[in-house]
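The values are calculated or read from the model by the stated rules, or taken from the named source; none is laboratory data. None of these values were measured; they are calculated from a predicted model. Note: ideal-geometry Cβ built from the backbone for every residue, glycine included; neighbour counts use all protein chains shown.
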């Protein structure tokens with residue numbers, strides 16, 4: 001099956017020193033790019049030296065990559081531009097990518113002065129399709145949708161190849177299938193060969209960032225999900241309380257949160273200035 005694309009999409013997977021998108025570091029990344037004007041995808045895969053950040057025992061038990069394996073590999077700073085240029089303005093896809101891979105990559109890029117701008121970029125989290133339609137794991141997903149056994153699980157390139165296979169299997173299996181939610185609401189054919197539709201289906205609209213600091217309220221306004229301003233509109237609060245705005249930008253919040261905060265503040269400030277003219 002060929003993906004129905006109007007722009008590039010990059011599926012990727014990350015292995016890391018641990019599970020924190022703020023504190024941990026990437027030690028392996030694999031990316032596969034599909035383009036509407038190319039028959040075959042393009043692949044990029046590399047091991048990365050995490051510098052002084054140690055690989056946790058829990059993480060090592062999952063991916064089996066040791067510090068010795070990474071001793072002579074480049075640091076992220078050396079390969080950051082290559083990775084960002086490979087992605088370009090493509091949509092992004094992966095398995096649990098909205099909660100882990102994308103925010104961790106954003107964090108790493110931010111540390112070296114680069115930005116992964118998410119505005120106008122669709123994201124397709126294959127795990128979200130799977131969990132909504134058939135709640136299981138990547139290994140089970142590959143067997144269920146593709147009748148394949150998982151080989152080299154938790155090797156980044158093997159995982160992202162499996163993710164692509166699973167999505168293709170999902171597109172075949174759920175073609176024309178409606179989703180009944182809570183025996184009341186029916187979503188008409190949510191899984192279709194359209195990256196924007198898959199983005200809408202897999203994106204959790206209750207929270208916006210991976211660390212769940214910001215969320216939408218019932219009116220669709222971005223509000224705080226923590227602290228003294230919990231449930232209050234982010235843009236309005238930051239405009240009125242510049243100290244709180246600067247506090248967020250200078251504290252250990254994820255680069256994803258900071259990027260959203262800057263944009264919300266800038267947009268609100270622009271509208272406020274127009275009203276004053």
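Here are the numbers for this structure:
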read-out	value
Contacts under 6 angstrom Cβ, first residue in the stretch 118-138 being farther than 10 Å from residue 95 by Cα, partner outside any helix (DSSP H, G or I), 6 or more apart	121/91; 122/91; 123/92
Verdict on residue 70 being under 22 Å from the mean Cα position of the chain (by Cα) and surrounded by 15 or more Cβ atoms within 10 Å (Cβ to Cβ)	no
Residue match in the stretch 199-218 (condition: under 21 Å from residue 146 (Cβ atoms) and in contact (Cβ under 8 Å) with a residue 60 or more places away in the chain)	yes
Subset of the stretch 240-252 (residues that are surrounded by fewer than 18 Cβ atoms within 10 Å (Cβ to Cβ) and either modelled with pLDDT of 95 or more or not in a loop (DSSP other than H, G, I, E, B) (or both))	240, 241, 242, 243, 244, 246, 247, 249, 250
Close pairs (8 angstrom Cβ cut-off, 6 or more residues apart or separate chains): outside the structural domain of residue 118 (by TED's automatic domain parsing) and modelled with pLDDT under 90 in the stretch 264-277, surrounded by 11 or more Cβ atoms within 10 Å (Cβ to Cβ) and part of a helix (DSSP H, G or I) anywhere	272/239
Filtered residues of the stretch 80-99 (kept if surrounded by 19 or more Cβ atoms within 10 Å (Cβ to Cβ) and either farther than 29 Å from residue 130 by Cβ or outside the structural domain of residue 15 (by TED's automatic domain parsing) (or both))	80
Selection count, the stretch 72-96, where residues are assigned to a helix (DSSP H, G or I) and over 16 Å from residue 20 (Cβ atoms)	11
Lone unmet requirement of (1) surrounded by 12 or more Cβ atoms within 10 Å (Cβ to Cβ); (2) part of a loop (DSSP other than H, G, I, E, B); (3) at negative phi for residue 218	(1)
Residue 148 vs. criteria without any contact (Cβ under 8 Å) to a residue 60 or more places away in the chain, more than 20 Å from the chain's Cα centre (by Cα) and in a loop (DSSP other than H, G, I, E, B)	yes
Among the candidates 237, 261, residue that is in contact with a helix residue (DSSP H, G or I) (Cβ under 8 Å, 6 or more places away or on another chain) and within 20 Å of residue 98 (Cα to Cα)	261
Residue 123 vs. criteria surrounded by fewer than 21 Cβ atoms within 10 Å (Cβ to Cβ), at pLDDT 95 or above, touching a helix residue (DSSP H, G or I) at 6+ places or on another chain (Cβ under 6 Å) and in the same structural domain as residue 155 (by TED's automatic domain parsing)	yes
Some residue of the stretch 171-182 being at positive phi, outside any strand (DSSP E or B) and touching a helix residue (DSSP H, G or I) at 6+ places or on another chain (Cβ under 9 Å)	no
Residue count for the stretch 32-61, restricted to those that are surrounded by fewer than 14 Cβ atoms within 10 Å (Cβ to Cβ) and either part of a helix (DSSP H, G or I) or not assigned by TED's automatic domain parsing to the domain that holds residue 113 (or both)	3
Members of the stretch 6-34 that are within 16 Å of residue 196 (Cα to Cα) and under 19 Å from the mean Cα position of the chain (by Cα)	7, 8, 9, 10, 11, 34
Single match in 183, 219 (criterion: modelled with pLDDT under 90, more than 30 Å from residue 5 (Cβ to Cβ) and in the same structural domain as residue 21 (by TED's automatic domain parsing))	183
Which numbered condition residue 20 fails, given (1) over 29 Å from residue 124 (Cβ atoms); (2) surrounded by 13 or more Cβ atoms within 10 Å (Cβ to Cβ); (3) without any contact (Cβ under 8 Å) to a residue 24 or more places away in the chain	(1)
